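Here the structure is laid out as structure tokens; the discussion comes afterwards.
The values are calculated or read from the model by the stated rules, or taken from the named source; none is laboratory data. Since the model is a prediction, treat every value here as computed from it, not as a measurement. As a convention, Cβ positions derive from the backbone with ideal geometry for all residues, glycine included, and neighbour counts pool all protein chains shown.
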Amino acid sequence: MYKIILPNFEGPFDLLLYFIKRDELNIYDIPISKITAEFLNYIKLMNYFDIELAGEFVVMAANLMYIKTKMLLPQKPNEEGIIEDPRSQLIQNILEYKQFKEVAGKLSILAEVNKYYLYRLNFEAEHSKTNQNPIYKNATLYDLLIAYGTALNRKIEKRAVHIVEMFNISVDEKINEIIKKLDNTKRFTFSELVLNQTKNHIIVSFLAVLELMKLGKLFIMQKEPFADFIISEVPNSENRIAY
């Protein structure tokens, strides 16, 4: 008793790509007669072993025979005087499929590697011992952007105070301001940081928070999704950068 195993191809382009790689064919100059014969032989083999044949394989076989027929007939030049290659669209489709297949393979490798990593989601040990409040969760960059947009779009309360901004504040100055505020209060929300400030100050404040997070000098957390994020010192941090 013989056991025959057929290669499992994801689609007709996967089969064509297999023929091209196996026979080391030039993908830009496909011998359409040879590859059509190979394709039809594979379909016959599938039918012989009662393997369910997908409609896309039949469509590709018909397309290959159509291209083969066009190549046997005299070709008329187009309006620009150029004779178009009947294989051009097929070649373009194979190249695109090859590109997507390579990218999918790389993503599959990354998924396989990263499944062995467990990322830390929150600092429960640092906060549950000292605080009676609900455990804070780590805030993501998406959460920061939502809070940033909320701060920009919020309505500033009307007060009998007129702010005259004589000069623009820099990111470094705002970093110093945040560090001093941390020394005094240890924890505050982003809304408290930018309270009654102009849009330019809010933007600079957000950039300063991102820079301090990049340096590992800030800890960002939220009570719940889409809530205002809270800025605090990094748990167990010792040396803070000086500006």
The lone condition Lys101 fails out of (1) in contact with a Leu (Cβ under 8 Å, 6 or more places away or on another chain); (2) at pLDDT below 85; (3) in a helix (DSSP H, G or I) is (2)
Practice problem: Determine, yes or no, whether Ile91 is farther than 14 Å from Leu16 by Cα, surrounded by 11 or more Cβ atoms within 10 Å (Cβ to Cβ) and not charged (D, E, K, R). | Solution: no
The condition of being at pLDDT 85 or above, in contact with a Gly (Cβ under 9 Å, 6 or more places away or on another chain) and part of a helix (DSSP H, G or I) holds, among Met65, Met71, Met60, only for Met60
Pairing a residue in region 16-45 that is aromatic (Phe, Trp, Tyr) with any residue that is in a helix (DSSP H, G or I), where Cβ atoms lie under 6 Å and the two sit 6 or more apart in sequence or on different chains, gives Phe19/Ile35; Phe19/Glu38; Phe39/Ala61; Phe39/Leu64
